[in-house]
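Take a look at the structure set out below.
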Amino acid sequence: MEEIIGLSKSKVEFEEIWKRFHCALFVVLLIYGLYYTAEKYERILVRPDEAWKVRTRTEAVNGIGDLKVSDAEMLVSLEPLYVPDKFEGREMWKNPNTESVPETEKSLDITACGVNTTDASESPAAVESESGAAADSAGETTVPAVLTIYLHGNGGIPEIMTLTEAADAVSPESWSIPFRLGKVFDGWYLDAGCTVPFSAVEEGAERLELYAGWRELTGFVSNDAGHITSCTGAGGVADGILALPADAACTGIESGALSAVAGQIEEIYIPANITYIGAGAFDGLPNLMYIEVAAGNPNYYSEGGVLYTSAGEVAAVPVWYGE
């Protein structure tokens with residue numbers, strides 16, 4: 001009987017040990033399986049508003065020594081990730097806002113403040129590469145040559161003007177026009193005699209010398225004081241009316257200046273800029289009937305076709321005045 005009872009106790013103890021062994025083995029296999037799965041695969045946690053990606057410690061430090069990274073730092077917030085339709089044979093949720101894998105891979109940038117994501121395409125090396133490629137495709141940049149221009153008054157004022165412009169952007173229309181009594185500006189020339197007009201800048205030139213050209217007032221010849229010394233029928237007199245030039249370059253008229261057209265003149269119009277009329281300048285005009293002075297003339301005025309000085313003295317009269 002004692003032997004039977006001993007055998008029963010041994011059997012119970014063996015079964016208890018066997019159960020404990022199986023439990024321990026199950027726990028070991030479970031821990032090993034979880035550890036193996038965690039090492040081999042990345043765990044992807046999906047939330048409705050974003051995707052979270054957990055990388056292994058080795059991937060986080062990107063191969064930098066034995067840098068210790070806490071488990072909290074291993075959880076990196078990324079932009080919505082691409083999640084395959086199927087993963088290990090199981091159907092999984094796919095982020096509807098993510099259509100395809102991003103073109104540029106996000107790399108990890110570990111700083112003192114944590115782990116940040118940086119777009120590889122925006123790195124300094126990438127920017128430098130793009131700028132270098134643009135420079136190569138565009139070629140070497142050419143800086144326009146600066147041209148020094150000397151504008152000579154050639155009898156007018158100012159006597160000389162100096163300016164600088166890009167050789168490929170010379171614009172005579174923007175230059176100031178000089179002034180000369182008795183003459184009208186007629187463009188820029190390459191010589192003081194005004195025989196070669198300026199048209200364009202020669203290639204490779206760094207200096208340009210130009211001279212002002214001048215011509216007479218239409219229908220008149222004037223001296224350097226701006227006084228008319230002679231008059232021609234071509235433009236001086238029209239339909240019996242002599243209209244003296246209303247130009248600041250013309251300031252007066254000398255005696256005998258109208259002798260060549262004396263018989264053609266019936267009326268004379270004097271603008272405000274004519275401030276000098278030589279004694280007897282309107283004498284000897286057999287058909288002169290009327291003289292008119294523009295308002296604002298500082299030295300002359302007219303009444304009833306008669307010319308008076310600002311002091312009220314008679315300066316010239318029509319042919320009927322004596323009658």
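The values are calculated or read from the model by the stated rules, or taken from the named source; none is laboratory data. On a predicted model such as this, the values are computed, not experimentally measured, just so you know. Glycine gets a Cβ as well: all are built from the backbone with ideal geometry, and neighbour counts include every protein chain shown. Accessible surface is based on the protein model in full, side chains and every heavy atom, while ligands, DNA and RNA are left aside. Shrake-Rupley method; radii C 1.70, N 1.55, O 1.52, S 1.80 Å.
The table for this structure:
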| item | result |
| --- | --- |
| Condition met for residue 317 (touching a Gly at 6+ places or on another chain (Cβ under 9 Å) and within 16 Å of residue 236 (Cβ to Cβ)) | no |
| Selection from the range 280-311 of residues that are of a type in the set (Asp, Glu) and touching a Phe, Trp or Tyr at 6+ places or on another chain (Cβ under 9 Å) | 292 |
| Scan of the range 207-221 for residues that are open to solvent by 60 Å² or more (accessible area, probe 1.4 Å) and in a strand (DSSP E or B), ordered by number | 207, 215, 216 |
| The range 222-242, subset open to solvent by less than 50 Å² (accessible area, probe 1.4 Å) and in a strand (DSSP E or B), residue nearest to residue 292 (Cα to Cα) | 242 |
| Count of the range 281-323 residues which are part of a loop (DSSP other than H, G, I, E, B) and under 54 Å from the mean Cα position of the chain (by Cα) | 6 |
| Boolean, residue 148 is assigned to a strand (DSSP E or B) and open to solvent by 60 Å² or more (accessible area, probe 1.4 Å) | no |
| The range 228-259: number of residues that are within 53 Å of the chain's Cα centre (by Cα) and free of Cβ contacts under 8 Å to residues at least 24 places away in the same chain | 3 |
| Positions within the range 166-194 being open to solvent by less than 60 Å² (accessible area, probe 1.4 Å), more than 9 Å from residue 213 (Cα to Cα), touching a residue at least 24 places away in the same chain (Cβ under 8 Å) and in a strand (DSSP E or B), in sequence order | 183 |
| All positions within the range 16-44 that are at pLDDT below 80 and surrounded by 10 or more Cβ atoms within 10 Å (Cβ to Cβ) | 35, 36, 37, 38, 41, 42, 43, 44 |
| Single residue of 283, 247 found to be acidic (Asp, Glu) and under 20 Å from residue 215 (Cβ atoms) | 247 |
| Residue within the range 262-280 that is outside any loop (DSSP other than H, G, I, E, B), open to solvent by 20 Å² or more (accessible area, probe 1.4 Å), in contact (Cβ under 8 Å) with a residue 40 or more places away in the chain and within 21 Å of residue 224 (Cβ to Cβ) present | yes |
| Lone unmet requirement of (1) touching a strand residue (DSSP E or B) at 6+ places or on another chain (Cβ under 7 Å); (2) among the polar types (S, T, N, Q); (3) over 22 Å from residue 179 (Cβ atoms) for residue 229 | (3) |
| Close pairs (7 angstrom Cβ cut-off, 6 or more residues apart or separate chains): at positive phi in the range 293-304, surrounded by fewer than 16 Cβ atoms within 10 Å (Cβ to Cβ) anywhere | 296/272 |
| Failed criterion for residue 248 (all others in (1) open to solvent by 50 Å² or more (accessible area, probe 1.4 Å); (2) assigned to a strand (DSSP E or B) hold) | (2) |
